[in-house]
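In what follows, a structure is listed as structure tokens, so that the remarks can point back to it.
The values are calculated or read from the model by the stated rules, or taken from the named source; none is laboratory data. Predicted model, so just to flag it, every value in this text is computed and none were measured. So basically every Cβ, Gly included, is an ideal-geometry build from the backbone, and we count neighbours across all protein chains shown. Side chains are part of the model used for accessible areas, which takes the heavy atoms of the whole protein and leaves out ligands, DNA and RNA. Shrake-Rupley method; radii C 1.70, N 1.55, O 1.52, S 1.80 Å.
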Amino acid sequence: MNRILWIILLVLISINRSSAQDTLFAPAVNYNAGETPISIFVADLDSDGDNDIAVANLDFNSISVLKNNGNGTFQTAVSYWAGLGPHSVIAADLDGDGDKDLEAACASTDSLAVLKNNGDGTFQTAVGYGAGHIPFSIFASDLDGDGDIDLVAANSNSNNVSVLKNNGNGTFQTAVNYGVGDYPTSVFACDLDADEDKDLCAANALSGDVSILMNDGDGTYQTSVDYIVGENPFSVYSSDLDGDGDSDLAVANVITDDVSMLRNNSDGTFQEPVNYWVGIGPCSVFSSDLDDDGDNDLAMANWISDEVSVLLNNGNGTFQTAVSYEAGENPTSLFASDLDGDGDNDLAVANYNSNNVSILLNMTIETRIEGNPLVLPGESGLSQNYPNPFNGQTAIQYTLPSQSMVTIDIFDILGRKIETLAEGVQTAGEHQAIWDANGQASGIYFYRIKAEDKIETKKMVLMK
């Protein structure tokens, strides 16, 4: 009965979404991946300066690579055999040649797969390395301080994490295992106690806690210390959430439909969790600055409600009410990164049951075209264009408080002026300008209005 009430509440929320949602992320655009995509990672895989996508396909036993066209649209997926049951994928330079290799946790073979990059975003045959029983999550970082990238995996059925040290050439030593809580499904490496080495944190789904393992400085780890969070914690992420310079924790709790925020005491110990409701079935959490205000926000993939939830940071590690955006069917994993080259962080989401990836482009107001624009006064306004994204034509509405000299210009993503829609004196009141973009290529564009000495710029997406 309680679950039904939550679903009813979700419907009401979706009907009454705030206007903030309309200006932060554009509606999702979906790209086919393999069968049952369960994990997603974003990195520049072909070394062309933009961010590409790697997806682990659980039932397809593969990793799909979607190369970026340079504007946040993506080419057809190319798939590479990874091993049986890849649950998690990451990308890191393992062999020190300057490009990003792929790594996957293969649950069905108790192994980690390494696919080395040929330098152009194509990949060699996977090489497997033993881990614990059913590795569910993988992370890459320099764990022993020797300058190369090591691997760590969370093994759900052996209740431990495996540390595999790099030999310096992208091959790995035998795994060393460290006990954590019951059924670890996520692992993250970062410096939690400010001693400049990488500690570990693991989310333990069945024991309802997070395990912290402190690094001895050489890639060996102390006995874990556990902190209770919500019910069925499935994903953990660490970043500075309260702006005090240390790494805090965010944990997605599937059963309690919330995210737990644990503040760091600056020594790698943590305060009691503060929980925020996010949506139904959050199974992945990511932290990044999503609204360009200098602090780290939170984004969650909600498995049951088919949404991504965003919680904006108030600047002190407390968070605003979650705002939700539609994704595909059963989103399992998400990643925040600049996909369209405009300087803000977009979202990429793996949708397990719709076999695709959702791209949600960030629509944060841009201030980089020709100087530093000022926002129009409160009685004036520039509305978000509609429809957006659009194909062909879109309408731009704006309000003038008094008779003004007005100029409306269109720019491409490089800041080049494409067209002037309006120029001249206009009366006070509401106005509308139509942009016919049939002669333009798909991508990100900006529209800017000058009214006397006030300027405002917004972003729009043309998709054909």
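Considering 460, 405, the condition of being buried (at least 17 other Cβ atoms within 10 Å of the Cβ), of a type outside the set (Lys, Arg) and modelled with pLDDT of 85 or more is satisfied by 460 alone.
Cβ-Cβ distances below 6 Å connect the following pairs, each with a first residue in segment 111-125 that is at positive phi, a second residue that is open to solvent by less than 40 Å² (accessible area, probe 1.4 Å), and a separation of six or more residues or different chains: 119/99; 121/45; 121/46. Scanning segment 250-279 for residues that are farther than 25 Å from residue 155 by Cβ, touching a residue at least 60 places away in the same chain (Cβ under 8 Å) and open to solvent by less than 40 Å² (accessible area, probe 1.4 Å) yields 257, 264, 279. Entry remark, segment 403-423: residues being more than 23 Å from residue 441 (Cα to Cα), touching a residue at least 24 places away in the same chain (Cβ under 8 Å) and in a strand (DSSP E or B) number 4 in total.
Quick check, is residue 386 under 31 Å from the mean Cα position of the chain (by Cα), open to solvent by less than 60 Å² (accessible area, probe 1.4 Å), at pLDDT 85 or above and on the phi < 0 side of the Ramachandran plot? No, not satisfied. Considering segment 141-155, and only residues there that are outside any loop (DSSP other than H, G, I, E, B) and not polar (S, T, N, Q), the residue that is farthest from residue 124 (Cα to Cα) turns out to be 154.
Considering every residue within segment 389-401, establish whether at least one is closer than 20 Å to residue 362 by Cβ, of a type outside the set (A, V, I, L, M, F, W, C), touching a Phe, Trp or Tyr at 6+ places or on another chain (Cβ under 8 Å) and at pLDDT 85 or above. Scanning segment 389-401, I find at least one residue that is closer than 20 Å to residue 362 by Cβ, of a type outside the set (A, V, I, L, M, F, W, C), touching a Phe, Trp or Tyr at 6+ places or on another chain (Cβ under 8 Å) and at pLDDT 85 or above, so the answer is yes. One residue alone among 102, 84, 45 is crowded, with 23+ Cβ neighbours inside 10 Å, in a loop (DSSP other than H, G, I, E, B) and in contact (Cβ under 8 Å) with a residue 24 or more places away in the chain, and that residue is 45.
Taking every residue in segment 66-81 that is more than 27 Å from residue 412 (Cα to Cα) and pairing it with any residue that is open to solvent by 40 Å² or more (accessible area, probe 1.4 Å) and of a type outside the set (D, E, K, R), at least 6 positions away or on another chain, the pairs with Cβ-Cβ distances below 9 Å are 78/122; 79/60; 80/122; 80/124; 80/125; 81/125. Of all residues in segment 326-340, those being closer than 16 Å to residue 186 by Cβ and either open to solvent by less than 20 Å² (accessible area, probe 1.4 Å) or assigned to a loop (DSSP other than H, G, I, E, B) (or both) number 4. Just one of (1) at pLDDT below 95; (2) in contact with a strand residue (DSSP E or B) (Cβ under 6 Å, 6 or more places away or on another chain); (3) surrounded by fewer than 19 Cβ atoms within 10 Å (Cβ to Cβ) fails for residue 26. It is (3). On inspection, residue 158 qualifies as in a loop (DSSP other than H, G, I, E, B) and either of a type in the set (Ser, Thr, Tyr) or in contact with a helix residue (DSSP H, G or I) (Cβ under 7 Å, 6 or more places away or on another chain) (or both). The set of residues in segment 355-369 being at pLDDT below 95 and in a loop (DSSP other than H, G, I, E, B) consists of 361, 363, 364, 365, 366, 367, 368, 369. Within segment 390-402, which residues are surrounded by fewer than 19 Cβ atoms within 10 Å (Cβ to Cβ) and either without any contact (Cβ under 8 Å) to a residue 24 or more places away in the chain or farther than 14 Å from residue 437 by Cβ (or both)? Within segment 390-402, 397, 399, 401, 402 meet the criteria. Looking across segment 425-446, the residues that are open to solvent by less than 20 Å² (accessible area, probe 1.4 Å) and not in a loop (DSSP other than H, G, I, E, B) come down to 433, 435, 443, 444, 445, 446. The set of residues in segment 34-57 that are modelled with pLDDT under 95 and within 20 Å of residue 306 (Cβ to Cβ) comprises 34, 35.
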